[in-house]
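Below: the structure, in structure tokens.
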Amino acid sequence: MAVIVDCEGQSPASGGNLLQRDPSEHQSASKVEFNRQRNHLIPQALVLGLTTGATSVAFHLAMNSAEAFRKKFLDLSHQNPDFGVGMILGLALITLIISAGIVRQFAPEASGSGIPHIKGVLIGHRHFRWFRVLITKFISMVIGGIGGLVVGRAGPCVHMGSSIGQGLANIWPKNGNPEHTILIAAGGGAGLTAAFNAPLSGLTFVLEELERRCSSLEFVTAAMACLTADMVCRVALGQQPAFHFVNFTAPPLSLLIAFVPLGLLSALLGSLFTHALLRGQRLITLSVWPKTMWWLTLATWLTATAWYAPELLGGGYDFVNEILVGRELTLGTIALFFVSRFVLTIGSSCSGAAGGIFMPILVLGALLGWGVGATTQLFFPELNADPRLFAVIGMAAYFSGVVQAPLTGIVLIIEMTSDYALILPLFIACFTALLIVNWLGCPPVYEALLENELRQKRIQ
């Protein structure tokens, strides 16, 4: 009896290579496995979004209470001019020491924004003590907010969201697949979503900054977590975005060239910010007495700012909203505010306490954009440049110059303005900043901070 033999010299019954005989069967098996993993991740993504959203709501309310306490304390201090400066200095120094001390004692990896730590975990170079990081981050940020540290909430929200993702991966029943990195990245995106009520921005941040090798599984998980976190925050805190933008008309084509200098300045000053922040990281590792003197110096800067320009303290949400709704600022005031916020952001980020740079970068970008817009209006009045428009574009441009994640900056602005007429100036300014900063050879700030941390760890 004849035996049918395949092209490899094996009969069908002899267990020949199934992939070569029928590729569709292999593709079908892969699809089944993908669907199984996706169906396993969807419930985790929903729980992750709900938990991150609830945590972010509590964090948002706690930070609002801390800032309200600081404002009342400053009002009381100004009513007592003989002791007011001393009262503010005492508050700033005590809260700074406690905020940084908690981080140093319980979770040193919780200092700063935490995004470099997340990136290190995702590539397998850092360990994630998720519960310690979550609690330490929350408490340190609230105490630092009372003292007026110039740090933002967005980075800590990302770090806390990733902490929840790691915790969920540890607690959830295992199915044999390494899903913790997916949940860590998705939790970070959900945290950014909760910080700005901007789910597309959170998802874009995951794809562009946290998990650049993103597959369909990461995309679906991050999307579900971001949308769920956004719904929780909107129910608890309202539908309004973090910033109160006005409606802009599409800028005329003759004005678009003015956004090139904005991108150029964003690259130059963004590169300066990154290098200054990297050098300032040495202050975190000082021994006890030098660090005490550093904290005293920083507390003095914060006290002077609180006495003369208290609106410059904290994350800067209210300050940016004042700019965007039409607060008038002279060019001299803009320059002074920019330098003050620049120095205080670097100092606060290098204090050892928890606190992000995401929001302070946007504030600096708004000031820079306002300055470029006001200058354009002064020298080229026929262009009818609106400084508020330049302030909005400047936020994304400066973010692109520092973080080098232009799509996140563009999507964030478009999502919060609901104005696609800004797409051309956003692209011009953001990609000009990106090209120039790449030409200068300046690394993205979060990658540079991660490399700095890993270098210090190797030295130790």
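Here the peptides 400-411, 81-92, 341-352 are ranked by packing, the mean other Cβ count within 10 Å, and the order with the highest first is 400-411, 341-352, 81-92. Positive-end ranking of Ile410, Ile257, Leu227 along the dipole of the chain, with charges on Cβ about the Cα centre, is headed by Leu227.
Full extension of the chain between Leu296 and Glu322 yields a length gain of 6.3 nm, computed as 0.36 nm times the residue separation minus the alpha carbon distance. Of all the C-alpha pairs in the chain, what % are more than 30 Å from each other? In whole percent, the long-distance tail amounts to 47. Pull out a ≥ b ≥ c, the square roots of the eigenvalues of the alpha-carbon gyration tensor of segment 405-460, then state rounded if a/c is under 1.5, prolate if not and a/b is larger than b/c, and oblate in the remaining case. Taking the square roots of the gyration eigenvalues as a ≥ b ≥ c, segment 405-460 is oblate. Its residue count N fixes a reference of 2.2 N^0.38 Å for segment 86-209, and the Cα radius of gyration divided by that reference is 1.13. All other residues whose Cβ lies under 11 angstrom from that of Met63 are scored, Lys and Arg at +1 and Asp and Glu at -1, for a net of +1.
Placing unit charges on each Cβ (+1 for Lys and Arg, -1 for Asp and Glu) gives the chain a dipole about its Cα centre, and among Ala397, Ile164, Gln377 the Cα reaching farthest toward its positive end belongs to Ile164.
Averaged over its residues, segment 323-460 has an accessible area of 36 Å² per residue, based on protein heavy atoms and a 1.4 Å probe. Ranked by the mean number of other Cβ atoms within 10 Å of their residues, highest first, the peptides 389-397, 414-422 come out as 389-397, 414-422.
Only Cα pairs under 8 Å and 6+ residues apart enter the sum, and on that basis the relative contact order of segment 126-242 stands at 23 percent.
Per-residue surface analysis assigns Cys233 an accessible area of about 0 Å², computed on protein heavy atoms at 1.4 Å probe radius. Shown for the chain are the DSSP H helices of 18 Å or more along their axis, judged by Cα atoms, with a mean Kyte-Doolittle hydropathy of at least 0.0: 84-106, 130-147, 154-171, 180-196, 216-237, 259-280, 288-308, 331-349, 358-379, 387-402, 423-440. Overall dimensions of segment 277-334, expressed as equivalent-ellipsoid semi-axes from the Cα gyration tensor (√(5λ), whole Å, largest first), are 31, 13, 10.
In the chain, the calculated helix contribution to ellipticity at 222 nm averages -24000 deg cm²/dmol per residue, counting -39,500 (n - 2.57) for every DSSP H run with n ≥ 4.
Counting lysine pairs in the chain whose alpha carbons fall under 22 angstrom apart, excluding pairs fewer than 8 residues apart on the same chain, gives 6. Each Cα pair under 8 Å and six or more residues apart adds its sequence gap; the mean of these over the residue count of the chain is a relative contact order of 20 percent.
Taking segment 256-397, how much of its Cα-Cα pair set, in percent, is spaced more than 23 angstrom apart? Summing the P(r) tail past 23 Å for segment 256-397 gives 37 percent.
Pairs of Cα atoms nearer than 8 Å and 6+ residues apart set the relative contact order; for segment 120-174 it is 49 percent. Oblate is the label for segment 47-123, because the ratio a/c of its alpha-carbon gyration tensor axes (a ≥ b ≥ c) is 1.5 or higher and a/b is not greater than b/c. Let a ≥ b ≥ c be the square roots of the eigenvalues of the Cα gyration tensor of segment 335-460; is it rounded (a/c under 1.5), or, if not, prolate (a/b larger than b/c) or oblate? The shape class here is prolate. Dipole size of segment 90-235 about its Cα centre, with +1 on Lys/Arg Cβ and -1 on Asp/Glu Cβ: approximately 320 debye, rounded to the nearest 20.
The values are calculated or read from the model by the stated rules, or taken from the named source; none is laboratory data. Fair warning: this is a prediction, and the values are worked out from it, not measured in the lab. Note: ideal-geometry Cβ built from the backbone for every residue, glycine included; neighbour counts use all protein chains shown. For accessibility, only protein heavy atoms count, side chains too; no ligands or nucleic acids. Shrake-Rupley method; radii C 1.70, N 1.55, O 1.52, S 1.80 Å.
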